[in-house]
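For reference, the structure discussed in these notes is given below.
The values are calculated or read from the model by the stated rules, or taken from the named source; none is laboratory data. Every value quoted in this text rests on a predicted model; they were computed, and no experiment measured them. As a convention, Cβ positions derive from the backbone with ideal geometry for all residues, glycine included, and neighbour counts pool all protein chains shown. Surface areas here come from the heavy atoms of the whole protein model, side chains and all, with no ligands, DNA or RNA. Shrake-Rupley method; radii C 1.70, N 1.55, O 1.52, S 1.80 Å.
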Amino acid sequence: MAMVQTPTGVILVPALVGLNLVKGLAVPLIQTGLNHRLTSDKRASCLSMSKMAVNFLGIFLGPLFG
């Protein structure tokens, strides 16, 4: 009920900041881990598949979260 009663901006701004902060911290860590563990050809395939998965999720989650 608290989420319904609060203005949208109060929830939206911290949520967007938090999501971008987590993404900004996670992406370099994942890429560094892949760089150390995989060869170049496998690394390119993994990065391509992960980017495709993120874009695929965006198809469904984008309209839900605007």
(message) Restricting to DSSP H runs of at least four residues, report the calculated mean residue ellipticity at 222 nm for the chain, -39500 (n - 2.57) per run over all residues, nearest 500 deg cm²/dmol.
(response) -31500 deg cm²/dmol
(request) For Leu57 and Asn20, compute 0.36 nm times the residue count separating them, minus their Cα-Cα distance, and round to one decimal in nm. (result) 11.7 nm
(message) If you take every residue apart from Gly58 with its C-beta less than 15 Å away from the C-beta of Gly58, what net charge results, scoring Lys and Arg +1 and Asp and Glu -1?
(response) +2
(message) Using each residue's phi in segment 48-58, evaluate 6.51 cos²θ - 1.76 cosθ + 1.60 at θ = phi - 60° and report the 3J(HN,Hα) Karplus result to the nearest Hz, with x for Gly and Pro.
(response) 5, 5, 5, 5, 5, 5, 5, 5, 5, 5, x
(message) Between Ile11 and Arg43, what is the label-point separation in nm under the 7 Å Cα-to-beta-carbon projection?
(response) 4.1 nm
(request) Could you do me a favour and compute the accessible area per residue for the chain, 1.4 Å probe, result in Å²? (result) 89 Å²
(request) Give me the percent of the accessible area of the chain that comes from carbon and sulfur atoms, probe 1.4 Å, all protein chains in place. (result) 74 percent
(message) Can you give the local net charge around Ile30? Use residues other than it whose beta-carbon is closer than 14 angstrom to its beta-carbon, Lys and Arg +1, Asp and Glu -1.
(response) +4
(request) Provide Rg over Rh for the chain; use the alpha carbon set for both Rg and the Kirkwood Rh (inverse mean inverse pair distance). (result) 1.15
